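To start, the structure itself, in structure tokens.
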Amino acid sequence: MRALSYFFVIFAIFLAPLGVAVARHLADDTQATDWRTARRDSTGIAPLPAQTPEAVIHVYAARAFRWRGAFGVHTWIAAKPQGADAYTRFEVVGWGVSQGRNAVRVGEGVPDGYWYGNAPTLIRALRGGDEVDALIERLRAAATAYPHQHEYRVWPGPNSNTFIAYLGRAVPELHLDLPPTAIGKDYLPDTGVFARAPSGGGFQVSLAGLLGVTLAAEEGLEINLLGLSLGLDLSPPALKLPGVGRIGMSEE
């Protein structure tokens, strides 16, 4: 009985912040309801290629479309080699996969666009020369090697966040700390159980993205339960809450 009581307490700790997130989402009357008219234009975060000769890698997260946004975010990477006149987006999208389309989409696009009405947050930025160009080439190679090219599941994965976490492990120089609302980041490809954390450091143990733990310098300590992440970050100090996200000092 005591073990069962502990389970319900832990479950409640996960559900309480999630309830807050759902309430906020339902109260937000600015949410787009029609994907055909929802904003996808630039938010002006990414530097213009014509004014930026150096290489750029940006990682973005934006609340998912419609009801999914109450629970989590969609993440993607935008990259521009030195001298390039456009950005390439690296992301996974579920639409069309059931009709045979590849889930991995790599191609020119708006780097910092609204995700169907939801403004993105920049969660990692790198700028430089040949060394950043080399990272972009490694991102391309990793995207090609991603083992779930034709698979997409909103929960528990593989989804868009599974893909970006995979790229983070493949290119640890990104030091990619995905938000706790990136549901699917803890789903390890090829039904893996042990892996490096998405930041490329520390370690992660996960059972199909449904139960696991992550311990790393970037992520801090995170516990995963049914795809939801609860954690404590020490550098800088912050709580990581399901649905709500990161609460504490800024990482900038």
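The values are calculated or read from the model by the stated rules, or taken from the named source; none is laboratory data. Predicted, not measured: the structure shown is a model, and the values here were computed from it. When we count neighbours, we look across all protein chains shown, and the Cβ atoms used for this are built from the backbone with ideal geometry, even at glycine.
Looking at (1) closer than 20 Å to GLU218 by Cβ; (2) without any contact (Cβ under 8 Å) to a residue 60 or more places away in the chain; (3) surrounded by 21 or more Cβ atoms within 10 Å (Cβ to Cβ), which is the only condition ILE164 fails? Condition not satisfied by ILE164: (2).
Taking the range 107-122 as the search range and keeping residues that are surrounded by 15 or more Cβ atoms within 10 Å (Cβ to Cβ) and within 17 Å of ALA55 (Cα to Cα), which one is nearest to the chain's Cα centre (by Cα)?
This residue is LEU122.
Keeping to the range 34-58, report how many residues are among the small types (Gly, Ala, Ser) and surrounded by 13 or more Cβ atoms within 10 Å (Cβ to Cβ).
Narrowing the range 34-58 to residues among the small types (Gly, Ala, Ser): 38, 42, 44, 46, 50, 55.
In the following step, the residues that additionally are surrounded by 13 or more Cβ atoms within 10 Å (Cβ to Cβ) were identified as 38, 42, 46, 55.
Selection size over the range 34-58: 4.
Residues in the range 120-137 that are farther than 28 Å from GLY227 by Cα and either out of contact with any strand residue (DSSP E or B) (no Cβ under 7 Å at 6 or more places or on another chain) or among the hydrophobic types (A, V, I, L, M, F, W, C) (or both): LEU126, ASP130, GLU131, VAL132, ALA134, LEU135, ILE136, GLU137.
Looking at the range 204-215, is at least one residue of a type in the set (Val, Ile, Thr), crowded, with 24+ Cβ neighbours inside 10 Å, more than 14 Å from the chain's Cα centre (by Cα) and not in a loop (DSSP other than H, G, I, E, B)? Yes, that holds for at least one residue.
Taken over the range 88-147, residues that are under 22 Å from VAL171 (Cβ atoms), of a type in the set (S, T, N, Q) and outside any helix (DSSP H, G or I) amount to 3. Of the candidates ARG140, ARG124, the single residue that is over 30 Å from LEU15 (Cα atoms), among the basic types (Lys, Arg) and modelled with pLDDT of 95 or more is ARG140. If you go through the range 216-252 and pick out every residue that is part of a strand (DSSP E or B), among the hydrophobic types (A, V, I, L, M, F, W, C) and under 24 Å from PHE8 (Cβ atoms), you end up with 9.
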